[in-house]
Amino acid sequence: MTKSKPIDFVERNNIKSFLALLRDWMAIFLIAAFSIWANNIFIYLVAVWLIGIFQFAIGEALGHEAAHNNLFTEQSWNEKLEFLYSFPFLRTISSYREHHFPHHKYLFSDGDYIPEDYEFLGLNKPDKNVFMILFIKPFLGFSVYYFFLEVILYPWLQDSFKLSSLINGIKRSYKLYLFWLTVILSFSLSGHLDILLLYWFVPLFWCFSFLSLFSEVQEHFNTLSGSRSNVNPVINFVFHNAGHHYVHHLYPPIPWYKLPEAHQALCADNPDISHGIIDTYRQFVRNNQDTKSAQIII
């Protein structure tokens with residue numbers, strides 16, 4: 001029997017990607033519509049978190065795939081169609097790549113933002129309270145600050161405070177500004193600016209930011225191999241197989257819908273496998289002298 005190679009799982013499928021985007025956007029619209037119809041505060045709060053989950057599926061899982069040119073057969077489409085999965089989340093695919101690619105190239109070294117983020121969150125302290133850091137504080141709004149630094153400020157501050165940086169930032173992001181100018185004007189002129197605020201920005205700043213912070217930690221914190229894979233089928237169904245992070249680091253060109261198959265064929269023996277949130281939390285708090293920040297060779 002011929003042993004599988006990473007290249008065996010590299011392909012692109014426009015239909016799968018468009019259907020994935022359609023699923024998530026339809027879910028967001030239907031959840032918001034039901035909540036508006038129900039006009040109930042408890043249903044609204046549930047709707048906010050459900051919308052945030054599907055926002056994360058689009059803006060992080062599929063946006064991440066687009067940054068790696070994994071969504072579409074035509075490479076240029078990954079950037080041309082960023083209004084579907086990047087602009088709504090206040091960033092561009094270009095800024096995503098500039099922030100994310102050093103993480104792959106310099107994993108847990110000086111070029112990677114992850115060690116600095118873990119230090120910022122307090123995860124390197126010997127007396128840390130992991131539950132407080134990853135659940136209580138983000139739920140109470142701390143993740144908004146993290147989201148603001150990571151998503152909004154990063155494209156502007158990467159070259160330090162210089163006039164040239166400001167000009168370059170505007171040039172890189174003018175399509176993003178035009179997108180949001182159009183969206184805000186459209187909702188404002190139609191008299192529905194409150195819907196945009198309640199059903200997009202509240203989930204984005206509260207729930208999406210919460211999931212983004214947790215995702216950054218679960219992928220690498222307190223691992224034996226350097227990267228963790230969450231193989232829970234429900235999580236991977238909702239988030240387009242984003243849980244299969246170890247195999248993604250081994251071979252980033254493998255698209256999202258091939259990751260489970262690639263995981264089984266290429267790295268099923270990864271020591272950092274989680275089967276759900278509780279399992280992941282147990283790995284967060286374990287005291288093991290062999291754990292390390294990251295030692296994946298790419």
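Highest mean first, how do 238-250, 272-284 rank when packing is the count of other Cβ atoms within 10 Å averaged over residues?
238-250, 272-284
If I fit a long axis through the Cα atoms of helix 209-218 and take the longest principal axis of the Cα atoms of the chain, what angle between them do I get, 0 to 90°, rounded to 10?
10
In nm, give the distance between the simple-model label positions of ASN129 and PHE237, each being 7 Å from the Cα along the Cα-to-Cβ direction.
3.6
Longest segment of the chain with no GluC sites (Glu not before Pro) in a DSSP loop having at most 16 other Cβ atoms within 10 Å?
75-298
Return the FRET efficiency for the residue pair ASP8, ASP279: r is the Cβ-Cβ distance, R0 is 30 Å, and the value is rounded to the nearest 0.05.
Approximately 0.55, to the nearest 0.05.
Leaving out ligands, DNA and RNA but keeping every protein chain, what accessible area does TRP77 have, in Å² rounded to the nearest 10, with a 1.4 Å probe?
90
Just check the stretch 70-148 against the gyration tensor rule for me: Cα atoms, a ≥ b ≥ c as the square roots of the eigenvalues, rounded for a/c under 1.5, and otherwise prolate or oblate depending on whether a/b exceeds b/c. Working shown, then result.
Values: a/c = 3.33, a/b = 1.72, b/c = 1.93.
Because a/c hits 1.5 or more and a/b fails to exceed b/c, the stretch 70-148 counts as oblate.
Which far-off residues, 5 or more places away or on another chain, put their amide H under 5 Å from the one on THR223, with H placed in the peptide plane?
Long-range HN contacts for THR223: LYS292.
Using alpha carbons only, how many degrees (0 to 90, rounded to 10) separate the axis of helix 41-56 from the longest principal axis of the chain?
That works out to roughly 60 degrees.
Given Cβ point charges of +1 (Lys, Arg) and -1 (Asp, Glu) and nothing else, what value in debye, to the nearest 20, does the dipole of the chain about its Cα centre take?
That gives the chain a dipole magnitude of about 240 debye.
Which label marks the calculated value of semi-axes √(5λ) of the Cα gyration tensor in Å, given the options (1) 35, 26, 16; (2) 44, 25, 15; (3) 30, 23, 22?
Answer by label: (3).
Stretched out fully, how many nm does the piece from TYR106 to ASN39 gain, at 0.36 nm a residue minus the Cα gap?
Using 0.36 nm per residue and subtracting the Cα-Cα distance, I get 19.2 nm.
Using a 7 Å offset from the Cα along the Cα-to-Cβ direction at both MET26 and TYR177, what is the distance between the two label points in nm, to one decimal?
Going from the MET26 label point to the TYR177 one covers 3.7 nm.
For LYS125, go through the aspartates and glutamates and keep the ones whose alpha-carbon is under 15 Å away, minus same-chain ones fewer than eight residues off.
Cα-Cα hits under 15 Å: GLU116, ASP117.
The values are calculated or read from the model by the stated rules, or taken from the named source; none is laboratory data. Just so it is clear, the model here is predicted, and its values are computed rather than measured. Here the Cβ is made from the backbone with ideal geometry for all residues, glycine too, and neighbour counts use every protein chain on show. Heads up: the accessible areas ignore ligands, DNA and RNA and are worked out on the full protein's heavy atoms, side chains in. Shrake-Rupley method; radii C 1.70, N 1.55, O 1.52, S 1.80 Å.
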